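Down below is the structure, laid out as structure tokens.
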Amino acid sequence: MRRLLGLTVLLVLPPMTLARVWTTVYHCDEKTLLAVVDPNHPTVYRDIMVGTRLVLVVSSDAAGHWMGSLRLPWDDDPYAALVGRGYSATLPGSTSKVQNYKDSCLPAAGKAARAYPYMGQDVVGLEFLSGPTAVAGDWFVFDYQAHRVGTCDVGLYDLYVSRYVPIQTFSFTHVPSRDFNGDTRVDFQDLALLASHWGLAGSPDPNDPNTAFDLDGDARIGCSDLALFSEYWLERQDSRPPGDDPNRLSPGL
């Protein structure tokens, strides 16, 4: 009889669903999704230029307390940085010294939400936690800065599940910037600079003034470089440097 009653209770209760937490990657306008290379591989993105700022938004479809992390391997750290917003040494309403990126904690994450820098043995990044009053929605926002040509993997971790196995991994590839004049936009001024170096020889020497325009690295500035340049026509990379952060102690900076 007790067994039958237990089965009846299980049938009456609604099915339990696991909370899902995920990260969405946007361009610097925080509205336009960064395109993926292949819809079948939604975490491998199109190449981005050195100097590009991406926006990573961590969201949840459930309410309540949660703890997670965004990390990249130390080997990838020279190529990119994960940056919080609005660093503060104290939490709101407290006089205790507690690291917090207050502007990275969105309202849906709850009043006690917190984000702070993290450095482990093999990884570097950010950790964050929602408060007990958190509701479903966008919880945290962070910036990703591409520093050098190369590749970088970023992992999203659910720290209640594992500190070592990410629940999502994002792959970014950085290519030389087409923003030759450094105004964060690829436009006619950059095209004019490319044209002024047309036909000149490139060089592997990073101090050579022609190197930036030899986009394909074939030691000659010509049509193939123009084709590569056009792939980012009118793109805004927003290369504003991250704000001062006393906790940014990585070898990449």
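The values are calculated or read from the model by the stated rules, or taken from the named source; none is laboratory data. What you see is a predicted model, and the numbers here were worked out from it, not measured in a lab. Heads up, the Cβs are rebuilt from the backbone with ideal geometry, glycines too, and the neighbour counts pull from every protein chain shown.
Starting from region 38-67, keep only residues that are acidic (D, E), then list their pairs with residues that are loosely packed, with under 14 Cβ neighbours inside 10 Å whose Cβ atoms are within a distance under 8 Å, requiring at least 6 positions of separation or different chains.
D61/A19; D61/R20
Being part of a loop (DSSP other than H, G, I, E, B) and of a type in the set (D, E, K, R) is the filter; apply it to region 215-236 and report the residue that is surrounded by the most Cβ atoms within 10 Å (Cβ to Cβ).
Taking the candidates together, the pick is E235.
Here are the criteria: (1) assigned to a loop (DSSP other than H, G, I, E, B); (2) surrounded by 15 or more Cβ atoms within 10 Å (Cβ to Cβ). Tell me which single one L54 does not satisfy.
Evaluating L54 over (1) assigned to a loop (DSSP other than H, G, I, E, B); (2) surrounded by 15 or more Cβ atoms within 10 Å (Cβ to Cβ) leaves (1) as the failure.
Quick one: would you say D190 is within 30 Å of C223 (Cβ to Cβ) and surrounded by fewer than 12 Cβ atoms within 10 Å (Cβ to Cβ)?
Judged against the criteria, D190 is not a match.
When the residues of region 66-84 are narrowed to those that are among the hydrophobic types (A, V, I, L, M, F, W, C) and surrounded by fewer than 21 Cβ atoms within 10 Å (Cβ to Cβ), which ends up nearest to C152 (Cα to Cα)?
Narrowing region 66-84 to residues among the hydrophobic types (A, V, I, L, M, F, W, C): 66-67, 70, 72, 74, 80-83.
Pick out the ones that are also surrounded by fewer than 21 Cβ atoms within 10 Å (Cβ to Cβ) and you get 67, 74.
Working: M67: 23, W74: 10 Å.
Within region 66-84, the match that is nearest to C152 (Cα to Cα) is W74.
Can you list residue pairs whose Cβ atoms sit under 6 Å apart, with the first residue in region 108-121 being free of Cβ contacts under 8 Å to residues at least 24 places away in the same chain and the second being hydrophobic (A, V, I, L, M, F, W, C) and surrounded by 16 or more Cβ atoms within 10 Å (Cβ to Cβ)? Count only pairs 6 or more apart in sequence or on different chains.
R114/L129
Which residues, taken from region 124-140, are surrounded by fewer than 21 Cβ atoms within 10 Å (Cβ to Cβ) and touching a Lys or Arg at 6+ places or on another chain (Cβ under 7 Å)?
Within region 124-140, G131, T133 qualify.
Quick check: anything in region 202-215 assigned by TED's automatic domain parsing to the domain that holds V37 and more than 25 Å from Y45 (Cβ to Cβ)?
no
Which of the residues spanning region 195-209 are of a type outside the set (S, T, Y) and either within 19 Å of G150 (Cα to Cα) or part of a loop (DSSP other than H, G, I, E, B) (or both)? If you could, list the steps in order and put the result at the bottom.
The first filter runs over region 195-209 and keeps only residues of a type outside the set (S, T, Y), leaving 195, 197-202, 204-209.
Residues satisfying the conditions are H197, W198, G199, L200, A201, G202, P204, D205, P206, N207, D208, P209.
Taking the options A109, A146, A113, name whichever one is surrounded by 15 or more Cβ atoms within 10 Å (Cβ to Cβ) and over 23 Å from H27 (Cα atoms).
Answer to the check: A113.
A212 - would you say it is at pLDDT 90 or above, more than 30 Å from the chain's Cα centre (by Cα) and not in a loop (DSSP other than H, G, I, E, B)?
Taking the combined requirement at face value, the residue does not satisfy it.
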